[in-house]
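Below: the structure, in structure tokens.
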């Protein structure tokens, strides 16, 4: 068993030594690093940017297909839209990113006939 341990340690040392030599030789050459940088730059422009453009186009087209939905009927539940103090902007009743079509106020939707 001890012999197996010594052999495996010797193999590990030799493989680590070889890896260190290869890395130092590659660093000394310097050409490999420049070629890798060029490859990644080309891949970024040829693969990544068109991929992002295709995803943006897909999202835009899907959004165009969605029909505007009717908003749900307002039900004044006591545990929703609690205002213990006014917001520090505007009239104090609208949240910072308020959307009048989607977000209801405590007394109903804006422009909604009661």
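The values are calculated or read from the model by the stated rules, or taken from the named source; none is laboratory data. For clarity, every value in this text was computed on a predicted model and none was experimentally measured. Reconstructed Cβ throughout: ideal geometry from the backbone, glycine too, with neighbour counts over all protein chains shown.
Answer yes if at least one residue in the stretch 64-75 is surrounded by 10 or more Cβ atoms within 10 Å (Cβ to Cβ) and either over 30 Å from the mean Cα position of the chain (by Cα) or within 30 Å of residue 106 (Cα to Cα) (or both), and no otherwise.
yes
Can you confirm whether residue 12 is modelled with pLDDT under 85 and either in a helix (DSSP H, G or I) or surrounded by 10 or more Cβ atoms within 10 Å (Cβ to Cβ) (or both)?
When the stated conditions are applied, residue 12 passes them.
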